[in-house]
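Read through the structure below, which is laid out as structure tokens, and then see the notes.
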Amino acid sequence: MYSAEQIKTKDKCLCKLMLLWLMRVVLSVAHRFSQVMVLLTVITISSSWLLTVQFGSVGLIWSNSINMLLRILHRSLCYLHFV
């Protein structure tokens, strides 16, 4: 049998391992989210410039609409992935 001290030591090690695993998962999700947000930003800036040059202020409105649609789609897919 294990002594009470050995059990406490094993529990602490297990907690540390679980915490490290959780941190790794959170950081990988955050990194992936950041990459997607950079891509969405590049798409938004590009579409803003192209549509504004082509259609004037109406192009800027269309660009913002495209941006919001892409962000809503992204968040919806993330929600569906984690649920």
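Annotations
- Cβ-Cβ under 8 Å pairs, at least 6 apart or on other chains, the stretch 25-38 side on the phi < 0 side of the Ramachandran plot and assigned to a helix (DSSP H, G or I), far side surrounded by 10 or more Cβ atoms within 10 Å (Cβ to Cβ) and among the hydrophobic types (A, V, I, L, M, F, W, C): F33/C78
- Scanning the stretch 50-83 for residues that are within 18 Å of L39 (Cα to Cα) and among the β-branched types (V, I, T) returns I66, I72.
- If only residues of the stretch 49-62 that are touching a Gly at 6+ places or on another chain (Cβ under 8 Å) and either surrounded by 12 or more Cβ atoms within 10 Å (Cβ to Cβ) or touching a residue at least 60 places away in the same chain (Cβ under 8 Å) (or both) are counted, the one that is farthest from H74 (Cα to Cα) is T52.
Every read-out reported here was derived from the displayed coordinates using simple, explicitly stated rules and does not represent laboratory data. A quick note: this is a predicted structure, and the numbers were derived from the prediction, not measured. Cβ sites come from the backbone with ideal geometry, for glycine too, and all protein chains shown count toward neighbours.
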